[in-house]
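Beneath this line is the structure, given in structure tokens, with notes to follow.
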Amino acid sequence: MKVTHDFHIHTDLSICANETATLDNYIGIAKKLGLKKIGISNHFWDSKIPGVNEFYDIQDYDHVAQIRPEIDKANAKEDIKIYFGCECEYDPVHRDVAVTEETAEKFEYILIPNSHTHLTMPREYYEPYQKHIDFMIQGYEDIINSKVSKYITAVAHPFCAICCPYDREILINMIPDDTFKRLFDQTANKGIAFELNVDYMAKYKKSYEEIAEAAHIRMFRLAKEMGCKFIFGSDAHSTTEHESYEQLTQAFVELLGLKETDLADIAK
Ligand SMILES: [Zn+2]
Ligand SMILES: [Zn+2]
């Protein structure tokens, strides 16, 4: 199976993306890579819900929806299908996803991470490691059991703690198989997909052998065993992040033995 989609792309509407992150540039890259579907998932927090981090102050619906006319225009003339989505956030105060049902309906798909701990978790939880892990597990369960769970397409980069001051694989290694199995069984039952995000492997330029031994692979295998469906994402914030996309997605496909039937419907 060749991966022909990327549902995790940030344009320059995300305040952490650079000026090369335009829809036009990504369409050019997608054509070169032979992608048939791409999804725009800018960082988003629904302004109807009180914020917990100033990072989201301007990244509300009106802000991320500015890309919508451009997507519609491109869909009318391109062979590639482009989706309007978002990377929403976990709200640790309300222990729910930071989007109302009314706003969730406006997106074609929604990604939610339980691992933006640099934005959502008190800094003192970084150590001991178990505190950081427990925060992510609680976030994961709250996401799966959210009142807007039917709008959630996938959990973004599950348990891959972003901007973690120490090696995030330590945390994944500390989580027992049984815990993952319990969480992923619920994920599969809710029809929420599991994102295979290649950003970590790309950032640290991991070789095939290193990927095969990465903590993530054990977690991905357990997700597959429990019946989760998958979508792939680059987490691109500029035009350079797709350089190893083909090679990395292929490594994941081979190591996990993925077939077309393992993909979430939106990615088929
Ligand atoms: Zn993210
Ligand atoms: Zn992202």
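Sum up the charges of everything whose Cβ sits under 15 Å from the Cβ of Asp96, counting Lys and Arg as +1 and Asp and Glu as -1, but leave Asp96 out.
Values: positive: Lys48, Arg95, Lys147, Lys150, Lys190; negative: Asp46, Glu89, Asp91, Glu101, Glu102, Glu141, Asp142.
Residues close to Asp96 contribute a combined charge of -2.
What does the extension gain come out to for Glu78 and Gln130, with contour length at 0.36 nm per residue minus their alpha carbon separation?
Going from the current span to full extension adds 14.0 nm.
With charges set only on the Cβ (+1 for Lys and Arg, -1 for Asp and Glu), what does the dipole of the range 5-267 come to about its Cα centre, in debye to the nearest 20?
On the way: 27 positive and 45 negative charges, 113 e Å.
Around 540 debye, computed over the range 5-267.
Could you tally the net charge around Tyr208, taking each other residue with its Cβ under 15 Å from the Cβ of Tyr208, Lys/Arg +1 and Asp/Glu -1?
Numbers: positive: Lys205, Lys206; negative: Glu209, Glu210, Glu213, Glu246, Glu254.
Around Tyr208, the surrounding residues sum to -3.
Rounding to the nearest 20 debye, state how big the charge dipole of the range 110-201 is about its Cα centre with +1 on each Lys and Arg Cβ and -1 on each Asp and Glu Cβ. Spell out each step's value before the answer.
Working: 8 positive and 12 negative charges, 73 e Å.
So the magnitude is around 360 debye.
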>> As an exercise, use a Förster radius of 22 Å and the Cβ-Cβ distance of Thr261 and Tyr208 to find the FRET efficiency, rounded to the nearest 0.05.
In response: 0.35
>> How charged is the neighbourhood of Ala154? Take every other residue with its Cβ under 15 Å from the Cβ of Ala154, and add Lys/Arg as +1 and Asp/Glu as -1.
In response: -3
>> How many angstrom lie between the Cα centre of the range 206-230 and the Cα centre of the range 128-167?
In response: 17 Å
> How far is it, in nm, from the label point at Arg182 to the one at Thr20 when both lie 7 Å from their Cα along the line to the Cβ?
Replying inline: 4.5 nm
> Considering amide H positions built from the backbone, and no H for Pro or chain starts, which residues 5 or more places from Leu196, or on another chain, come under 5 Å of its amide H?
Replying inline: Ile231, Phe232, Gly233
> From the phi of every residue in the range 204-214, what ³J(HN,Hα) in whole Hz does the Karplus formula 6.51 cos²θ - 1.76 cosθ + 1.60 yield, where θ is phi - 60° and glycine or proline is x?
Replying inline: 9, 6, 6, 7, 4, 5, 5, 5, 4, 9, 5
> What figure in square angstrom, to the nearest 10, would you give for the accessible area of Thr100 with a 1.4 Å probe?
Replying inline: 40 Å²
> Once the dipole of the chain is set up with Lys and Arg at +1 and Asp and Glu at -1 on Cβ about the Cα centre, which of His132, Ile49, Gly257 lies farthest towards its positive end?
Replying inline: Gly257
>> So with the 1.4 Å probe, I'd like the accessible area per residue for the range 5-267, rounded to whole Å².
In response: 42 Å²
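The values are calculated or read from the model by the stated rules, or taken from the named source; none is laboratory data. Keep in mind that this is a model prediction, so the values were computed, not measured. Cβ sites come from the backbone with ideal geometry, for glycine too, and all protein chains shown count toward neighbours. Ligands, DNA and RNA are excluded from the accessible area calculation, which covers all protein heavy atoms including side chains. Shrake-Rupley method; radii C 1.70, N 1.55, O 1.52, S 1.80 Å.
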